[in-house]
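Engineer: After the structure tokens below, expect a handful of questions from me.
Readers should treat all values here as calculations from the given coordinates under stated rules, not as data from a laboratory. The shown structure was predicted, so the numbers you read here are calculated from the model rather than taken from an experiment. Here the Cβ positions follow ideal geometry from the backbone for every residue, glycine too, while neighbour counts run over all protein chains shown.
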Amino acid sequence: MSLQLTSTAFADHGPIPARHTCEGANVSPPLAWTGVPPGTQSLVLIVDDPDAPDPAAPKMTWVHWLLFNLPPDADGLAEAVAALPAGTGEGVNDWGRTGYGGPCPPIGRHRYFHKLYALDAALALQRPDKAALEAAMRGHVLAEAQLVGTYRKAGA
């Protein structure tokens, strides 16, 4: 069984409900995963948008959420997760803070990649940015799964 990542809030490549965006409550969507491979010591979740600022002319990937050292026996995160599983670390998103920041695209329909990685190690990091997190993950990825949601602001 391969690593799978799903949400009851949206289907893969489907629209993300406004509740999970800057136009709604801006709370994290519920996420669930299955198929964590044997030997997994930790999980990493990266949520980012490669279409910033304009999908017609993307210039950067905007980081919305970084979690690491999720325990391998965790099977998901609740909607609007308030308490992360014990031992979970948080990285710094592109707003310069930890925690979830929902979709808020300035123009057009953007894609939001929710990427889950199973690692053969726990990571010794303190509030990393995405580059530092990905560098620490290098050589430790056992499996990965991806769930993509889309969002366009009303009138954008």
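Engineer: When the Karplus curve 6.51 cos²θ - 1.76 cosθ + 1.60 is applied with θ = phi - 60°, which whole-Hz ³J(HN,Hα) does each residue of the stretch 78-86 get, with x for Gly and Pro?
Structural biologist: For the stretch 78-86, the Karplus-derived couplings read 6, 4, 6, 3, 9, 10, 6, x, 3 Hz, x marking Gly and Pro.
Engineer: Put a dot 7 Å past each Cα toward the Cβ at Asp73 and Asp120; how far apart are the dots in nm?
Structural biologist: 2.3
Engineer: Work from the charge dipole of the chain (Cβ charges, +1 for Lys and Arg, -1 for Asp and Glu, about the Cα centre) and give the residue of Gly96, Gly76, Leu43 farthest towards its positive end.
Structural biologist: Gly96
Engineer: Can you compute the helix-only [θ] at 222 nm over the chain? Use -39500 (n - 2.57) per DSSP H run of at least 4 residues, normalise by all residues, nearest 500 deg cm²/dmol.
Structural biologist: Working: 1 runs with 8 residues, N = 156.
Taking each H run of at least 4 residues, the total per residue is -1500 deg cm²/dmol.
Engineer: Using the crude model of +1 on Lys and Arg Cβ and -1 on Asp and Glu Cβ, and no other charge, please compute the dipole size for the chain relative to its Cα centre, in debye to 20. Show your work: numbers first, answer last.
Structural biologist: Details: 11 positive and 15 negative charges, 68 e Å.
Approximately 320 debye in magnitude.
Engineer: Here is a further query. Considering only the chain, what is the antiparallel percent among its DSSP beta bridges, to the nearest 5?
Structural biologist: Expressed as a percentage, antiparallel bridges in the chain total about 95.
Engineer: List the chymotrypsin sites (Phe, Trp or Tyr not before Pro) within the stretch 1-107 that fall in a DSSP loop (any state other than H, G, I, E or B) and whose Cβ has at most 13 other Cβ atoms within 10 Å.
Structural biologist: Those that pass, being in a loop and sparsely packed, are Trp95.
Engineer: Can I ask one more? For Ala154, what is the net charge nearby, where nearby means another residue's Cβ is under 13 Å from its Cβ and Lys, Arg count +1, Asp, Glu -1?
Structural biologist: That works out to +2.
Engineer: Fewest first, what order do Thr61, Thr88 take by the number of other Cβ atoms within 10 Å?
Structural biologist: Thr61, Thr88
Engineer: What does the extension gain come out to for Asp12 and Ala131, with contour length at 0.36 nm per residue minus their alpha carbon separation?
Structural biologist: 40.3 nm
Engineer: Suppose each label sits 7 Å from its Cα in the direction of the beta carbon; what would the Arg19-Val148 distance come out to in nanometres?
Structural biologist: Reported label-point gap for Arg19 and Val148 is 2.5 nm.
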